[in-house]
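> Okay, here's the structure, questions in a sec.
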Amino acid sequence: MADAQNIAAQDEGGNPTLGRKVFFLSPSYALTEVIASLRSMEYEVYTIDNYRDAKNILIQNPDSICIVTIDSQMHLPMWAAFVASFNSQKDLGNIILGIFSERYRMESIQSAFDSAQLKAGITLYDDQHKLEDVLKNFVQQLERFGAKGRRAHVRVACALDKTAMMYWIETQNCMHQLKLLDISTVAAAVRLPRALSGRITKGMTLHGVTIVIASRQHTVDATVIALQQVRSETIAIMMINGPLAPKTLKSLRDYIFSTLQKQMLTSINGMYLDQEDYRVMADQLKLTKDLGATKAPAAAPAAEGENAEGETDEGEAAGSAGEGADAADAGDEKDAASAAGDGEGADAAEQSEDAAENADNTEGAAGKA
């Protein structure tokens, strides 16, 4: 490996048209601002606090990108064993891995991960590399591997969020409640009540509609770009007319990514934690000793318990709206209208983070209760 800030494989091409999800595993506090910046650039970014949850999540998200922070929870040889284990698991072989560190020297990382396929490279945050350099490097990697794909904006399904609504005052004495099915910072899909059948048409602009998410209200104008019948329901795909006020934009974005994060955690509800002993694996692989560290790694996050899994009783309508919104985000009205009827389900519910044991306790990980 060359001694450089950006160590990455050549552009492989053939990136997914709908992009790739981006996961930051065990992110340090220093990455908080970087992750917020990537989300503001409309990359679909998630965080995984506990490394023992990582494989369960990544298996469900093939072709994703995972940036592993190696400064806490485990020592360097154990992290090297963790990364090496991806090569032996068929359902993890297509994950694009990268390394981030602010406590190890480049030569130490290169030595430990000499045989690893780090397609997303090694990124350092130290005296020679500022935070803006870190962000720039991540953006280059995400662009190289087509993280956005065709979609210009991240959307979230919210059909299961009973509080996510849109209200339209048609006349002084007539207000309509429209259920939000999904939303991005530029578009939304809603289920129209039967009373509005034929009264809302393609190209129509609804002035002063109120979007209610996370107990907050935002007034915007929205233009209908597509209508689609899904069984007995009418789904309207709307462009949110901008520019939005900074507070409204921030509120929408916060809701989108916090909901996506909850959905990610829900997806592993009830699964066993990764029980691999990476200290033993490191010894078996004869990986290098822990060199170049300035402090001992911190322990994994403590247990917080679990919530029940989410139900998907509104999956068909939510999925139909979501496919239409993908096309809407791309600005293609024709695609929005045709995609709205594809009908794939969407999950949304809450779950607390899984329990994690101390990284130095290598007698074996306990499963979830």
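The values are calculated or read from the model by the stated rules, or taken from the named source; none is laboratory data. Note that the structure is predicted; figures quoted are calculated from it, not measured. Methodologically, a virtual Cβ is constructed for each residue, glycine included, from the backbone with ideal geometry; neighbour enumeration extends over all protein chains shown. In case anyone asks, the SASA skips ligands and DNA or RNA and just uses the protein heavy atoms, side chains included. Shrake-Rupley method; radii C 1.70, N 1.55, O 1.52, S 1.80 Å.
> Would you mind checking the pairs Lys179/Lys247; Lys119/Lys148; Lys162/Lys262; Lys21/Lys148 and listing those with alpha carbons more than 19 angstrom apart?
Lys179/Lys247
> For Ala187, which sequence-distant residues (separation of 5 or more, or a different chain) have an amide H within less than 5 Å of its own amide H, given hydrogens modelled in the peptide plane?
Ile240
> Arrange the residues Cys174, Cys66 by how much accessible surface each exposes, largest first, with a 1.4 angstrom probe.
Largest accessible area first, the list is Cys174, Cys66.
> Still on this structure: With all protein chains present and a 1.4 Å probe, how do Met74, Met239 order by accessible area, largest first?
Sorted descending by solvent-accessible area, the residues read Met239, Met74.
> Sticking with this structure for a sec: Express the C-alpha Rg of the range 138-275 as a ratio against the empirical globular expectation 2.2 N^0.38 Å, rounded to two decimals.
1.19
> Please list 106-119, 153-166 highest first by mean number of surrounding beta-carbon atoms within 10 Å per residue.
Going from most to least packed, we get 153-166, 106-119.
> Given a Förster radius of 41 Å and the C-beta distance between Leu18 and Glu170 as r, what FRET efficiency does 1/(1 + (r/R0)^6) yield to the nearest 0.05?
0.70
> If each of Arg150 and Ser115 carries a label point 7 Å out from its Cα toward its Cβ, how far apart are those two points in nm?
Simple spin-label model gives 4.1 nm for this pair.
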